[in-house]
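For reference, the structure is listed below as structure tokens.
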Amino acid sequence: MCGIVGYVGNRNATPILIESLERLDYRGYDSAGIAVIDGCEVSLYKTAGSVGKLRQMIDLNKNGGCTGIGHTRWATHGKPSRENSHPHMGDKGIIAVVHNGIIENYEELKEELIGRGHVFSSETDTEVIPHLIEENYGGDLERAVALTLERLRGSYAIAVMCKDEPDKLVATTKDMPLVLGIGNGENYLASDVPAMLKFTNKVSYMCDEEIAVITSSSICIKNGSGGSVDKKIETVTWDAKAAEKAGYEHFMLKEIHEQPHAIRETLSGRISELEAEIKLKEIGLTERQINSISRVIITACGTSYYAAVLGRYLIEKIARIPAEAMVSSELRYGELVLDENTLVIAITQSGETADTIAALKEAKSHACHTMAIANVVGSGITRHTNNVLYTRAGLEICVAATKSFTSQIVALHLLALQMGRVRGTITPSQSKQIITQLRKLPGQVMEILEKSRGIEKVAVKYAANEHYFFIGRGINYPIAMEGALKLKEISYIHAEGYPAGELKHGPLALLTAGVPVVAISTYDNTYDKMLSNIKETKARGADVIAIADESDTNIEKYVDDVLRIPDTHEMLKPVLSAIVLQLLAYYTARHLGCEVDRPRNLAKSVTVE
Ligand code: G6P
């Protein structure tokens with residue numbers, strides 16, 4: 001969840017580290033720090049608060065040295081404070097360390113080290129690392145790190161520097177993302193690519209237990225058994241501008257507006273000329289395997305989980321395979337009955353969510369077929385399954401997911417259609433009908449975006465409410481949950497998503513005068529039931545905002561406000577409704593003056609359990 005960066009070269013490291021950290025602060029931002037080697041001194045700057053605060057503390061023009069490491073923290077062990085912020089150093093002040101992850105056996109290591117006279121200055125698990133490295137250090141930093149790793153249990157991405165070897169960084173990882181950046185006469189490391197995009201687009205992803213020794217002119221990597229590793233260098237095609245707001249007030253709004261492109265990209269090259277077939281070579285399942293699948297489990301966290309719930313409906317409806325969605329933290333410890341005829345699909349934007357990766361590993365241990373629907377190429381999850389269907393939504397910075405969600409739904413449609421065609425549960429003409437509408441989606445998203453003003457008006461009208469309800473049935477139920485999640489994440493209004501049929505079993509007790517209820521009531525076989533639910537809520541004095549089809553001229557009679565989506569195939573309506581709800585949440589949060597892109601207590605990538 002934290003972000004780490006490193007630089008070694010011939011330039012002043014300090015401004016480079018600060019800029020890199022600023023691009024990583026979506027990983028966590030409760031404290032920040034850097035350490036730079038200046039001649040034979042390690043200069044340490046740390047603070048509770050944002051990287052912006054750290055920037056203000058430092059004289060960026062003063063050349064403090066050309067080798068450094070930095071960290072932006074999201075607290076796990078120890079409160080956000082200067083003492084607990086990274087980098088951490090040992091007793092002798094020669095080793096500095098930044099770490100992302102959790103050292104599970106830190107308490108026993110700390111006790112042991114204190115017993116040998118070490119003095120600790122923080123409550124973190126991390127601090128045992130520099131103390132151990134210092135003990136193991138005999139003039140060779142790489143060896144000291146390797147010896148230290150033998151003592152660590154847990155997950156980590158670590159960058160280390162040593163006052164006595166000032167032109168070098170040593171980095172290693174286990175179950176945590178770590179990327180090396182290759183520059184010209186200088187090299188970088190970071191938890192994620194955007195941190196270094198301004199400086200280089202040549203990157204290499206580190207694998208578990210590798211140790212990299214990085215100097216300005218070389219990167220030497222060894223695997224866990226000490227053998228040299230020849231790493232592939234990849235060229236990242238995102239430019240640094242993509243990581244900026246491109247004129248929008250917030251990343252969230254920019255990313256909402258990028259959805260036509262994200263959907264088009266996700267479809268690109270995957271639909272055949274004949275328009276009746278889907279080509280997803282990457283899912284790695286033969287026709288025989290698709291036919292032998294008897295159960296599908298889709299697992300994910302957060303917004304991706306709501307895509308999973310929707311995926312469950314799509315796979316059951318289109319491919320007629322029993323399917324269920326499971327929150328990854330439940331699956332990983334669930335002691336489920338799984339077998340080789342079960343397909344487990346992990347959905348994750350970042351590809352780094354710890355619970356989602358663990359759930360996929362659990363499925364593998366039961367010999368299930370596994371696949372991932374991921375957005376970040378080369379991310380952690382892609383090392384645990386060869387079958388990855390990428391969503392191609394591009395870089396998503398705002399903590400609240402938007403374009404990744406609708407791209408996930410589109411990818412799930414493609415998957416369900418491919419499986420349905422192979423299993424013969426959907427005819428070519430039914431498939432063609434959906435595909436034709438899928439192609440029209442980007443244009444229809446544009447239509448919604450052009451009408452955002454109307455959504456903003458409704459958002460402002462209800463922004464003062466403390467509670468909000470979202471209801472839907474069938475494939476609209478996950479959208480109701482996602483609508484509620486979006487609103488609570490960024491506006492801090494209490495919001496609940498409910499299957500509309502469950503209103504009578506609890507929520508009605510809370511529906512008093514003026515409480516807004518968003519009813520996703522697009523045409524499908526439950527439309528009449530939704531109208532009854534709307535009447536029930538109106539009878540209690542609630543205000544109803546309907547999400548309805550363009551062609552529905554009936555709904556106005558029953559509700560207070562209507563937000564419309566263009567007419568499309570009923571299975572694709574969730575994509576359009578989700579975008580309306582994203583805008584509703586965005587304009588509410590903006591009206592309330594909330595920090596839209598970085599909601600309190602939340603982080604973009606949850607890389608710890
Ligand atoms: C965090 C983010 C959410 C995201 C969830 C799952 O909670 O704040 O926006 O939906 O993690 O992330 P993933 O990268 O696995 O989709």
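The values are calculated or read from the model by the stated rules, or taken from the named source; none is laboratory data. What you see is a predicted model; the values in this text were computed from it and never measured. Every residue, glycine among them, receives a Cβ derived from its backbone with ideal geometry; neighbour counts consider all protein chains shown. In case anyone asks, the SASA skips ligands and DNA or RNA and just uses the protein heavy atoms, side chains included. Shrake-Rupley method; radii C 1.70, N 1.55, O 1.52, S 1.80 Å.
Quick one: accessible surface of M196, probe radius 1.4 Å, all protein chains present, in square angstrom to the nearest 10.
Estimated to the nearest 10 Å², M196 gives 0 Å².
Using heavy-atom solvent-accessible surface (probe 1.4 Å) with all chains present, what is the largest-first order of C594, C162?
So, going from the largest accessible area down, we get C594, C162.
Across all directions of projection, what mean area in square nanometres is found for the Cα convex hull of the stretch 3-244?
Orientation-averaged projected area of the Cα hull: 11.7 nm².
Mind checking the angle between helix 13-22 and the chain's longest principal axis? C-alpha axes, 0 to 90 degrees, to the nearest 10.
Rounded to the nearest ten degrees, it is 20.
I need the shape label for the stretch 1-130. Rule: rounded when a/c is under 1.5, else prolate if a/b > b/c, else oblate, with a, b, c from the alpha carbon gyration tensor.
Cα axes put the stretch 1-130 in the oblate bin.
So what does R295 come to for accessible area, using a 1.4 Å probe and Å² rounded to 10?
Here the residue's solvent-accessible area equals roughly 60 Å².
Given the C-alpha centroids of the stretch 112-182 and the stretch 271-348, what is the distance between them in whole angstrom?
Cα centroid to Cα centroid, the span is 40 Å.
Holding the Cα-Cα limit at 31 Å, pick out from K163/K231; K361/K432; K461/K604; K110/K232; K254/K529 the pairs that are longer than that.
Where the Cα-Cα span goes over 31 Å, the pairs concerned are K361/K432; K110/K232; K254/K529.
With a Förster radius of 25 Å, plug the Cβ-Cβ distance of S122 and E150 into 1/(1 + (r/R0)^6) and report the FRET value to the nearest 0.05.
That gives a FRET efficiency of 0.60.
Provide, in order from the shortest bin, the percent of all Cα-Cα pairs of the stretch 216-332 in each 10 Å bin, continuing until the bin that contains the maximum pair distance.
Histogramming the stretch 216-332 at 10 Å steps yields 10, 21, 28, 28, 13, 1 percent.
For the chain, count the residues as N, evaluate 2.2 N^0.38 Å, and divide the Cα radius of gyration by that value, please.
1.01
Of the listed peptides 255-264, 405-414, what is their order by residue-averaged count of other C-beta atoms within 10 Å, with the highest listed first?
Highest mean packing first, the order is 405-414, 255-264.
Taking 8 Å as the Cα distance limit and 6 or more residues as the minimum spacing, I'd like the relative contact order of the chain as a percentage.
Relative CO of the chain lands at 11 percent.
Short version: ³J(HN,Hα) in whole Hz for each residue of the stretch 446-452, in order, from phi by Karplus 6.51 cos²θ - 1.76 cosθ + 1.60 (θ = phi - 60°), x for Gly and Pro, what are they?
Once θ is set to phi - 60°, the couplings for the stretch 446-452 become 4, 4, 5, 4, 5, 9, 4 Hz.
Give the dimensionless ratio obtained when the Cα radius of gyration of the stretch 84-191 is divided by 2.2 N^0.38 Å.
Normalised by 2.2 N^0.38 Å, the Cα Rg of the stretch 84-191 equals 1.03.
Return the percentage of antiparallel bridges among DSSP beta bridges fully within the stretch 254-447, rounded to the nearest 5 %.
Counting DSSP beta bridges with both partners in the stretch 254-447, the antiparallel share is about 5 percent.
Which value results when the Cα radius of gyration for the stretch 254-447 is divided by 2.2 N^0.38 Å?
Rg over 2.2 N^0.38 Å, computed on Cα atoms: 0.96.
Whole number in Å², please: accessible area per residue of the stretch 451-592, 1.4 Å probe, ligands, DNA and RNA not counted.
Result: 36 Å² per residue.
Quick check: residue separation of N291 and L510 times 0.36 nm, minus the Cα distance between them. What number comes out in nm?
Stretched fully, the N291-L510 segment lengthens by 74.2 nm.
For the chain, find the longest principal axis of its Cα atoms and tell me its angle to the long axis of helix 527-539, 0 to 90°, nearest 10.
80 degrees
Write down Rg/Rh for the stretch 451-592, rounded to two decimals, with Rg from the C-alpha atoms and Rh from the Kirkwood relation over Cα pairs.
0.92
Over the chain, what is the percentage of antiparallel beta bridges among all DSSP beta bridges, to the nearest 5?
60 percent
Using the reciprocal of the averaged 1/r over all distinct C-alpha pairs, how large is the Kirkwood radius of the stretch 300-403 in Å?
Result for the stretch 300-403 stands at 13.8 Å.
If you roll a 1.4 angstrom probe over the protein chains with everything in place, what fraction of the accessible area of the chain belongs to carbon and sulfur, to the nearest %?
48 percent
Leaving out ligands and nucleic acids, and using a 1.4 Å probe, what accessible area per residue does the stretch 3-244 come to in Å²?
The answer is 38 Å² per residue.
Using r as the Cβ-Cβ distance of K529 and K198, and R0 as 56 Å, what FRET efficiency do you calculate, to the nearest 0.05?
The value I calculate is 0.60.
Taking the Cα centre as origin and putting +1 on Lys and Arg beta-carbons and -1 on Asp and Glu beta-carbons, what dipole magnitude results for the stretch 183-294, to the nearest 20 debye?
180 debye
Mind checking the dipole of the chain: about its Cα centre, +1 per Lys or Arg Cβ, -1 per Asp or Glu Cβ, Debye to the nearest 20?
Dipole of the chain, to the nearest 20 debye: 1360 debye.
Under 8 Å for C-alpha pairs, at least 6 residues apart: give me the relative contact order for the stretch 451-592, rounded to a whole percent.
Computed over the stretch 451-592, the figure is 30 percent.
Given the Cα-Cα distance of R423 and E108 and 0.36 nm per residue of separation, how much length would full extension add, in nm?
Using 0.36 nm per residue and subtracting the Cα-Cα distance, I get 107.9 nm.
Give a quick list of GluC sites (Glu not before Pro) in the stretch 447-499 that DSSP marks as loop, anything other than H, G, I, E or B, with at most 14 other Cβ atoms within 10 Å.
Sparse-neighbourhood loop GluC sites (Glu not before Pro): E466.
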